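The values are calculated or read from the model by the stated rules, or taken from the named source; none is laboratory data. Note that the structure is predicted; figures quoted are calculated from it, not measured. Positions of Cβ are backbone-derived with ideal geometry, glycine not excepted, and every protein chain shown enters the neighbour counts. Calculation scope for accessible area: heavy atoms of the full protein, side chains included, ligands and nucleic acids excluded. Shrake-Rupley method; radii C 1.70, N 1.55, O 1.52, S 1.80 Å.
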Amino acid sequence: MAIPEVYNISQSPITSHSFNADRTQVAVSLNTNEVQILSRSGADWTPVETLSEHDKTITSIDWAPKSNRIVTASQDRNAYVWQQTPDPLTGRTIWKPTLVLLRINRAATFVRWSPFEDKFAVASGARAIAICSFDPDNNWWVAKQLKKPIRSTVLSVDWHPNNVLLAAGSADMKARVFSAYIKDVDKRPPPSVWGEKLPFNTVSGEYSSPSGGWVHSVGFSPSGDALAFASHDSTISVVYPGGPAIYTIRFNSLPYVTLTWTSEDAIVAAGHDCQPVLFSGGPSGWQAVGSLDDTTAPKSASGARGASTASSPVGRLNSAAFNTFRNADSRGLGSSPGGGSSLATDTELFTVHQNTITTIRQYEGAPGAVTRVSTSGVDGKLVIWNVNTISGLGTKLSGLRVG
């Protein structure tokens, strides 16, 4: 299988990342109130710009590929739209911020541009989603809020291809589909499986987490006719409203917190298990295919395979420290102080990422035919994976049930 591209960006966690259109630059938040823009320099990423305007930790970033604008959301309850403009004093091109009036009293948690890039959605802890559009008369971004029936913090959002419908996952254990239609901005969308008449704040669908877990991530399929969401109860659910049918994949590993569709019949999800996993299916059912990572040996610092050949079916629970406690509990076995194993080796995971994956994004390929995805996580790594290499992977995930 193809070896993933592994970049050690930072020693601190990467909260969010987003690439520009040609993938020559990436914007990352290193768990601070600043955005670092890195430029590809050979096999490395070099900092070229720092966007400083927020007062508190930046929670989400999205870089619009067509308009080349960056939107950031932060715990300071604000969002900024950054656009490249010439500096009137030096003539150098700089990133100029524009404040967005969100009108929320809790942290902004997630942000995404709409497909047409004429508006964006900001999730928040204020039990509301701000739908922001540009007001040319006053030359600023204004927000209109989706509120009912949200009962807790909104953790993620995703836009439908028609630029009007918006999916949202929240801590009230629900995934919902809203209409974000704005009269003077949007054209009336054609009828779809989600409905025909779609005034603002219409709830086109509401789906509960199977066992009552937070809904960490949501995503529409490339056609927009299906919705997937990942919950904290270690499940992935795929909804077909035209059926109607809901397929739930339950697994025995740790929960996923982020997902993306690579085609109409494939989803890649990642999270606390530290490895991206491919799921495939359709209106007749879904199943887990396997991991994009090779979890059969420890990884060195560069992400290559180590010398150990111990087999290992899942990611985070494969550390020697975990096995030591498990063996002591089940078989009364323990490691002697003179065993010779180092602490670094005992705690090294059998995955490229050594901690939770926080963000997964489409990296290469057209919508519906994505060939590579990128992930970033708490370990400060940015990794680019080839989705097509899954067919050559022999290791399958065990303990999966489809309901």
Would you mind checking K96/K183; K66/K96; K96/K119; K148/K174 for any pair whose Cα atoms are more than 20 angstrom apart?
K96/K183
Excluding ligands, DNA and RNA, what is the solvent-accessible area per residue of the range 197-277 at a probe of 1.4 Å, expressed in Å²?
31
Ignoring ligands, DNA and RNA, how do H232, H353, H272 rank by accessible area with a 1.4 Å probe, largest first?
H232, H272, H353
Relative to the present Cα-Cα distance, how much length would full extension add between S41 and D87 at 0.36 nm per residue of separation?
14.0 nm
Given a Förster distance of 45 Å, the FRET efficiency implied by the Cβ-Cβ spacing of Q11 and K147, rounded to the nearest 0.05, works out to 0.70
In percent, what relative contact order does the range 232-295 have, based on Cα pairs under 8 Å that are 6 or more apart in sequence?
23
Just grab the label-to-label distance for K96 and S208, each label 7 Å out from Cα along the Cβ direction, in nm (one decimal).
5.1
The range 87-200 shape via C-alpha gyration tensor axes, a/c threshold 1.5
oblate
